[in-house]
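Here is the structure we will look at, set down as structure tokens.
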Amino acid sequence: MTDGRSWEGNWVVRLYERVRERGHDSLTAFAEARPAVPWVVLAEELGPHDVAGVQVFRGLLSEAERSHRVTRFVRDALVRELAESFPEGWPSVLDDASRGELAMTLGTWSANTPETHKERVRQARAVLRATPPPPGWRPLGPDDELLRTLLPDEDV
């Protein structure tokens, strides 16, 4: 957990220095080496006191926009949100508690989705609610078959 120093100085430079120190030439390469790891955990790996999860998120989104891979990033974002909220996979029973947690998870995913993909994410959420994945479903990365069905790659 950061202690407030994450926004001091040039955090973008700091973020990329840490990524290079770990042998990666991009934040995307660093994150892809850690599939289904929540943003905050990635941030802690890069700097437990001076890197925040939102900085990792923003850096990855920026790289995705430059490489025209935003849809893949959006799928990856859902994978990481689900891993944080449901580490054992999709709940087998949707009681009040799990339904609330699912609503928060999908709501966070939607809120953090770039405007260009909001409608597609809204549709994907509707499909997930109408026909939930099997209990225990736990996508391990953005190339999960179900996720690619919900959000296929295309230019947006």
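The values are calculated or read from the model by the stated rules, or taken from the named source; none is laboratory data. What you are looking at is a predicted structure, and each value in this text was computed from that prediction instead of being measured. Neighbour counts are summed over all protein chains in view; Cβ atoms, including those assigned to glycine, are modelled from backbone coordinates with ideal geometry. Ligands, DNA and RNA are excluded from the accessible area calculation, which covers all protein heavy atoms including side chains. Shrake-Rupley method; radii C 1.70, N 1.55, O 1.52, S 1.80 Å.
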For the chain, with +1 on Lys and Arg beta carbons and -1 on Asp and Glu, the positive-most of VAL51, PRO152, TRP39 along the dipole: PRO152
Helical mean residue ellipticity (222 nm; -39500 (n - 2.57) per DSSP H run of 4+; nearest 500) of the chain: -18000 deg cm²/dmol
The chain: angle of helix 118-130 to the longest principal axis, Cα-based, in degrees nearest 10: 40 degrees
Magnitude of the charge dipole, the range 1-151, Cβ model with Lys/Arg +1 and Asp/Glu -1, debye to 20: 460 debye
Added length on full extension, which subtracts the Cα-Cα distance from 0.36 nm per residue, THR108 to ARG5: 34.7 nm
Amide H contacts under 5 Å for THR113, placed H, 5+ residues apart: none
The chain, accessible surface, carbon-and-sulfur percent (1.4 angstrom probe): 53 percent
Kirkwood estimate for the range 20-126, i.e. one over the average of 1/r between Cα atoms, Å: 14.6 Å
In Hz, Karplus ³J(HN,Hα) per residue of the range 71-85 (6.51, -1.76, 1.60; θ = phi - 60°; x = Gly, Pro): 4, 5, 4, 4, 4, 4, 4, 5, 4, 5, 5, 5, 4, 6, 7
Degrees between helix 53-67 axis and first principal axis of the chain (Cα, 0 to 90, nearest 10): 90 degrees
Probe 1.4 Å, accessible area per residue of the chain, Å²: 53 Å²
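Would you mind putting 77-83, 15-21 in packing order, based on average other-beta-carbon counts within 10 Å, highest first?
In decreasing order of mean packing, 77-83, 15-21 become 77-83, 15-21.
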